[in-house]
1. Which of 175, 170 comes first, and how do the rest follow, when ranked by fewest Cβ neighbours within 10 Å?
2. If neighbour count is taken as other Cβ atoms inside 10 Å, put 75, 165, 221 in order from fewest to most.
3. Using Cβ contacts closer than 10 Å as the measure, can you line up 140, 162, 272, 196 from fewest to most?
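Computed from the coordinates by the stated procedures, all read-outs in this text should not be read as laboratory data. Every value quoted in this text rests on a predicted model; they were computed, and no experiment measured them. As a convention, Cβ positions derive from the backbone with ideal geometry for all residues, glycine included, and neighbour counts pool all protein chains shown.
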Amino acid sequence: MTLLAILVGTLAAGIGSVWLAAWLSFGIVSRYTQHMLSLAAGALLATAFLHLLPEAFEAGVEPHNLFMTLLFGLLFFFLLDKAELWHHGHEHHHGDVHQGHNHQDAHDHAHSQATTAPHDHGAHTKPLAGGWAILAGDSVHCFGDGVLIASAFMVDLKLGVVAALAVLAHEVPHHMGDLVVLRQGSQSRQTAVLKVSLAGAITALGGLAGYALLDQLHGVLPYMLAIASSSFIYVALADLIPQLQKRLTSRETAAQIVWLMSGIALVSAVSVLAHSFTAH
């Protein structure tokens, strides 16, 4: 009975959060393509700094070891992104570099029109930017979520349900950021949702592993959280923030900051609510 509850809870939290994020990203707020980049950057940074890293440090692990893991993760995802660009970039990336030197003004103008012409904006982003880093980080993060949900179910069925709902809630704004990153890499909506859903399904594997090996995995979990954090920090700072750093009017800049702060506030608020529900 407990194992079945863990499977249902982890699948609902892992995949349900992706589908809810997709409904919000591609439905209600799909018209605000450029603003979604700011929201995604804020959500990813907040997920790393306000949710995952505090949880990792609360586990009582030596801070030096966690910071080393975070640094290693940042370097790893940088190399992963470089390998992806090298593999796909001979016909795209080098051409963009030459065009960027010759037509910088046209490039900036196209970016300034991104809100009304999202396809033009996508044409100027590097192919599959941050895609592998996002999916790798998501998989590690979701596996850790599965372990946490399993541990809650093994204590009490009601606590497990609350934990699954808490994970689902705080993953929605984060997955909205994931989907924006993948869509900016010129992937279709269906492909982006499928890839993030597969990563979300790893939550169930984490639940199964947690059920079978909970004592052994508790020691590894803080390091998994640090690695997941490094992927979100890398994508936000290396892929999203640079796309937002361009010449804009004061009104556009203000809107950009508001959406960035909204992403941070959204994740922060949901995390606080999730922790308060779990505490009860």
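1. So the ranking, lowest neighbour count to highest, is 170, 175.
2. 75, 165, 221
3. 272, 162, 140, 196
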